[in-house]
Amino acid sequence: MSRAIEISPSILPADFARLGDECIALEEAGCDRIHWDVMDGVFVPNITVGPDVVKSLRPHLSIPFEAHLMVMEADTMAPRYVDAGCSTVMVHAEACTHLHRSLANIRDLGAKSGVVLNPHTPAATIQHVLDTTDHILIMTVNPGFGGQKYLSLTDKIAEIKAMVDAGDHDIDIEIDGGISADTIGECAAAGANVFVSGSALFRYDDRAAGVTELRAKAEAARD
Ligand code: DX5
Ligand code: ZN
């Protein structure tokens, strides 16, 4: 049984002067989650939203929040985003000296744990944390900015999918970076089921139509 296709919009392209309205519109457009791109200006050369911003949005939406922590102090910040209402908190393998413990700590806080891999980081990095993670986020851009050129990593996606299936793990595989109607299909065919889209989704005048097209392209690629 294949896992449900989910569309998780990045908040980076949103008009931050109207962030609440933008997030509500994404939910009304049929998005399955909100993807909070959290950046500390150190792990990546950009700074975005803190936990208090996420917390202020939580009561206004019903769909799950996921935090993509592009931060050096992942263990310190993870509890803040759980408290802010994120049901999934994802930390970069590259930022965690003790990744297994970092993921276990997120689960101990009552949230789903997620591990993120930069484009250069091999799939084998997560071989020994598959029992401690609920979510794998595969970067198809170098983190830090929206609107970048998509990096095709279908071999890596397929390798991770095979690792997950070999151990019969209950894990979502999500792709993040440059996802559009032109790129989502190859990622779905390789085994991913959750897709972050920022700039491509925000380019649609009719955002609901964009969500529908992205979902349809992913579904068709799996058939
Ligand atoms: C980059 C972020 C991504 C990115 C996605 O560091 O993690 O979520 O903003 O935006 P697009 O879809 O424009 O690549
Ligand atoms: Zn992201």
task: May I ask you to list the residues in region 174-223 that are without any contact (Cβ under 8 Å) to a residue 60 or more places away in the chain and either within 20 Å of His68 (Cα to Cα) or in contact with a Cys (Cβ under 6 Å, 6 or more places away or on another chain) (or both)?
output: Ile175, Gly177, Gly178, Ile179, Ser180, Ile184, Cys187, Ala192, Ala200
message: Could you go through region 42-52 and let me know if any residue there is among the hydrophobic types (A, V, I, L, M, F, W, C), within 16 Å of ligand 1 (Cβ to nearest atom), open to solvent by 30 Å² or more (accessible area, probe 1.4 Å) and touching a residue at least 12 places away in the same chain (Cβ under 8 Å).
response: yes
- prompt: Can you name every residue in region 1-29 that is basic (Lys, Arg) and not in a loop (DSSP other than H, G, I, E, B)?
  reply: Arg18
statement: Inside region 1-49, the number of residues satisfying the requirement of being within 16 Å of Pro64 (Cβ to Cβ) and not acidic (Asp, Glu) is 19
field: Subset of region 74-131 (residues that are away from ligand 2 (no atom under 14 Å from the Cβ), hydroxyl-bearing (Ser, Thr, Tyr) and in contact (Cβ under 8 Å) with a residue 24 or more places away in the chain)
entry: Ser87, Ser102, Ser113, Thr121, Thr125
query: Which members of region 195-211 meet the condition of being β-branched (Val, Ile, Thr) and closer than 19 Å to Gln148 by Cβ?
result: Val196
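Listed here are the residues, each with its yes/no results for (1) of a type outside the set (Ser, Thr, Tyr); (2) not in a helix (DSSP H, G or I).
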| site | (1), (2) |
| --- | --- |
| Val53 | yes, no |
| Arg58 | yes, no |
| Glu66 | yes, yes |
| Ala78 | yes, no |
| Tyr81 | no, no |
task: Please find, among Gly210, Gly185, Gly198, the residue that is under 26 Å from Pro45 (Cα atoms) and either modelled with pLDDT of 95 or more or in contact with a helix residue (DSSP H, G or I) (Cβ under 8 Å, 6 or more places away or on another chain) (or both).
output: Gly198
query: Yes or no: Arg58 open to solvent by 70 Å² or more (accessible area, probe 1.4 Å) and modelled with pLDDT of 95 or more?
result: no
Condition check for Val115: in a strand (DSSP E or B) and within 16 Å of ligand 1 (Cβ to nearest atom): yes
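The values are calculated or read from the model by the stated rules, or taken from the named source; none is laboratory data. Just so we're clear, the structure is a prediction, and the values are computed from it rather than from any experiment. We place every Cβ from the backbone using ideal geometry, glycine too, and count neighbours over all the protein chains shown. Heavy atoms of the whole protein, side chains included, go into the accessibility calculation; ligands, DNA and RNA do not. Shrake-Rupley method; radii C 1.70, N 1.55, O 1.52, S 1.80 Å.
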